[in-house]
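Here the structure is laid out as structure tokens; the discussion comes afterwards.
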Amino acid sequence: MSNDTFHGTTILALRSGRTVVMAGDGQITLGSIVTKHKAKKVRKIFHDQIITGFAGATADALTLSEKLEEKLERYNGNLTRSCVELARQWRTDKYLRRLEAMMIAADCHNTYLLSGNGDVIEPDQGVISIGSGSPAAQSAAVALMENTGLSARQIVKKAMKIAADLCIYTNHEVTIEELENL
């Protein structure tokens with residue numbers, strides 16, 4: 001499953017110090033038509049302790065989000081175990097295998113990208129993205145992390161603006177969620 005498969009979405013997650021910030025644009029397209037401008041593709045789950053963002057078919061992404069919440073309940077909020085078990089189920093279940101979506105999930109300690117290929121990827125640099133605008137968003141975030149004194153939230157906001165300026169499937173209506181490890 002290629003990251004380029006999903007048009008109409010940019011999701012960016014950045015971990016800096018004790019903070020993790022995730023953002024997603026609000027554009028939904030059907031073919032070449034923009035049908036919605038303010039969709040919320042990033043949200044907090046599991047007692048507001050975990051942030052998820054998705055790219056792909058909305059119904060499929062919501063199904064994955066529900067499945068992740070089930071795993072989190074089963075494994076007492078352990079994000080790592082829940083993601084591994086979801087990826088295993090996603091890859092082996094005949095119904096779930098057909099889902100066309102990707103997800104990023106983060107808590108105060110971990111950030112993971114999950115795909116239908118069974119991938120559970122933790123980024124090396126603390127930044128990861130999915131969707132059609134992800135190359136621009138991730139590149140901008142990495143550059144801003146290394147060369148500015150901006151906060152994680154400010155970096156994500158600027159990187160998402162750059163992605164929206166470059167990617168026709170990404171807009172400037174951005175939802176941002178943040179967790180801080182106290």
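Quick notes on this structure:
- Percentage relative contact order, the stretch 47-134, counting C-alpha pairs under 8 Å, at least six apart: 32 percent
- Residue 43 paired with residue 94, simple spin-label distance in nm, labels 7 Å along Cα-to-beta-carbon: 3.0 nm
- FRET efficiency for residue 168 and residue 63, using Cβ-Cβ distance with R0 set to 25 Å, rounded to 0.05: 0.40
- Selected from 32, 65, 139 as most flexible by GNM, with the chain as the system and alpha-carbon contacts under 10 Å: 32
- For the stretch 1-100, a/c is not less than 1.5, where a ≥ b ≥ c are the root eigenvalues of the C-alpha gyration tensor, and a/b does not top b/c. That puts it in the oblate class.
- Taken over the chain, the alpha-carbon convex hull comes to 100 cubic angstrom per residue.
- Applying both filters, DSSP loop and at most 12 other Cβ atoms within 10 Å, to the trypsin sites (Lys or Arg not before Pro) of the stretch 31-91 gives 38, 40.
- Once you reduce the stretch 43-74 and the stretch 88-120 to the center of their Cα atoms, the two points are 10 Å from each other.
- Between residue 146 and residue 180, the distance separating the two model label sites (each 7 Å from Cα on the Cα→Cβ line) works out to 2.8 nm.
- Proximity of backbone amide H atoms, modeled 1.01 Å from N, is registered between residue 173 and 26 at under 5 Å, excluding neighbours fewer than 5 places apart on the same chain.
- Pairs of Lys in the chain closer than 26 Å at Cα, counting only those 8 or more apart or on different chains: 27
- Listed residues 31, 116, 131, most fluctuating in the chain (Gaussian network, C-alpha, under 10 Å): 31
Laboratory data are not the source of any read-out in this text; all were calculated from the coordinates shown. All of these numbers come straight from a predicted model, not from anything done at the bench. Every residue, glycine as well, gets a Cβ built from its backbone with ideal geometry; the counts of neighbours run over all protein chains shown.
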